[in-house]
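The values are calculated or read from the model by the stated rules, or taken from the named source; none is laboratory data. Owing to the predicted nature of the structure, the values given are computational and were not obtained by experimental measurement. Don't worry about glycine lacking a Cβ; one is built from the backbone with ideal geometry, like all the others, and counts go over all protein chains shown. With ligands, DNA and RNA removed, areas are computed over all heavy atoms of the protein, side chains included. Shrake-Rupley method; radii C 1.70, N 1.55, O 1.52, S 1.80 Å.
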Amino acid sequence: MKANDAMERMRCEALHCPIRAFCPLSFLCARQLEDGRFILPVTVDVGYHEMVWTDLTARRRVYVVRSGLLVNKNFANDNEEIPSALFSPGFVGGVPDIYIPYVASDFYFFYGLVDAQVCEFDGDVVREQIDGLGVPAAQLLLSRISLNQATAAYSQTLTLAHQRARQKVASVLLRLERALARSEGYEGVLPVAHDDIASLACAERATISREMKALAEEGCIEIGYRKVRVLPPLRERYGAMIEANLPFYDDDWRPSPALS
């Protein structure tokens, strides 16, 4: 394949990206620069439990989740790792690092909760394009990214705040369902294992397995090998949880003409 043909194919794929309608960085994806070049992401496949680093790279990178789910984890004391947020399609990681590089506190990373795909951009290019938007467009964009990240962290906090294991399990399952619904081709089955749910709930695997078995017996879920199907009774019983209904700023957010 000739270089020009390959470039045109990549540009066409970027313009027809399934999350373009609600991707915060869609304004720069496939954008033509003054020298004739196009800004195009590097598409990276992230496998199950595969790590994606932002703040430990020599050159800063910005990631946009294209499909699947990433978990943002922070390092804690005693070699513990704490899940702090769940990133679904359209979520952006690495933006703070391009403005305030960490010197001695590299403390977080992402990993694939399910098979995922991310779009990777050079951090310097992203910063240059965001700064070029001017005020207030750049403020709106950065606020949107920050609000989504804060909402994701709040959702994880709500899961951990539940005192009963049953509520923690229901919270995780409903959050996963809502997040995966943003992925193209989602058909109602959560491709996660008991260990994954236990990790997000910060609970013992045996406890989580026991509660999931009880929920299955009550007709709230169906369990298979690394598969969980959420059934209507679970939503009817636990759907009023705040974390099951948190809004994210994508389809309902209207960009200014400068971001179109």
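Observations on the model:
- Within segment 170-181, tally of residues that are in contact (Cβ under 8 Å) with a residue 60 or more places away in the chain and open to solvent by 50 Å² or more (accessible area, probe 1.4 Å): 1
- Of the criteria (1) under 13 Å from the mean Cα position of the chain (by Cα); (2) open to solvent by 50 Å² or more (accessible area, probe 1.4 Å), which one Arg164 fails: (1)
- Filtered by the rule that a residue be of a type outside the set (A, V, I, L, M) and surrounded by fewer than 19 Cβ atoms within 10 Å (Cβ to Cβ), segment 66-80 gives Asn74, Phe75, Asn77, Asp78, Asn79, Glu80.
- In segment 131-146, the residues that are among the charged types (D, E, K, R) reach residues that are part of a loop (DSSP other than H, G, I, E, B) with C-beta atoms within less than 9 angstrom, at least six apart or across chains, in these pairs: Arg144/Pro24; Arg144/Tyr249; Arg144/Asp250; Arg144/Trp253; Arg144/Pro255.
- For the criterion of being in a helix (DSSP H, G or I) and at pLDDT below 95, Ala179 passes.
- Residue selected from segment 15-32 under the condition out of contact with any strand residue (DSSP E or B) (no Cβ under 8 Å at 6 or more places or on another chain) and of a type in the set (A, V, I, L, M, F, W, C), by the criterion farthest from Gly185 (Cα to Cα): Phe27
- Scope segment 207-228; condition in a loop (DSSP other than H, G, I, E, B) and either over 14 Å from Ala193 (Cβ atoms) or of a type in the set (Lys, Arg) (or both); matching residues: Glu218, Gly219, Cys220, Arg226
- Residues (touching a helix residue (DSSP H, G or I) at 6+ places or on another chain (Cβ under 8 Å), surrounded by fewer than 18 Cβ atoms within 10 Å (Cβ to Cβ) and assigned to a helix (DSSP H, G or I)) located in segment 129-139: Asp131, Ala137, Ala138
- Residue in segment 223-236 that is out of contact with any Phe, Trp or Tyr (no Cβ under 9 Å at 6 or more places or on another chain), surrounded by fewer than 18 Cβ atoms within 10 Å (Cβ to Cβ) and under 30 Å from Phe27 (Cβ atoms) present: no
- If you go through segment 66-80 and keep only what is at pLDDT 90 or above and charged (D, E, K, R), you end up with Arg66, Lys73.
- For Tyr63, the stated conditions hold: it is open to solvent by 20 Å² or more (accessible area, probe 1.4 Å), modelled with pLDDT of 90 or more and of a type in the set (Ser, Thr, Tyr).
- Condition check for Val92: modelled with pLDDT under 90, under 18 Å from Asn148 (Cβ atoms), open to solvent by less than 20 Å² (accessible area, probe 1.4 Å) and in contact with a Phe, Trp or Tyr (Cβ under 8 Å, 6 or more places away or on another chain): no
- The lone exception for Thr159 - which of (1) over 14 Å from Asn72 (Cβ atoms); (2) β-branched (Val, Ile, Thr); (3) over 14 Å from the mean Cα position of the chain (by Cα); (4) surrounded by 16 or more Cβ atoms within 10 Å (Cβ to Cβ) it fails: (1)
- Pair list, Cβ under 7 Å, 6 or more apart: segment 33-55 residue open to solvent by 80 Å² or more (accessible area, probe 1.4 Å), other residue modelled with pLDDT under 90 and not polar (S, T, N, Q): Met51/Phe109
- Taken over segment 185-206, the criterion of being assigned to a loop (DSSP other than H, G, I, E, B), open to solvent by less than 30 Å² (accessible area, probe 1.4 Å) and not small (Gly, Ala, Ser) is satisfied by Val192 alone.
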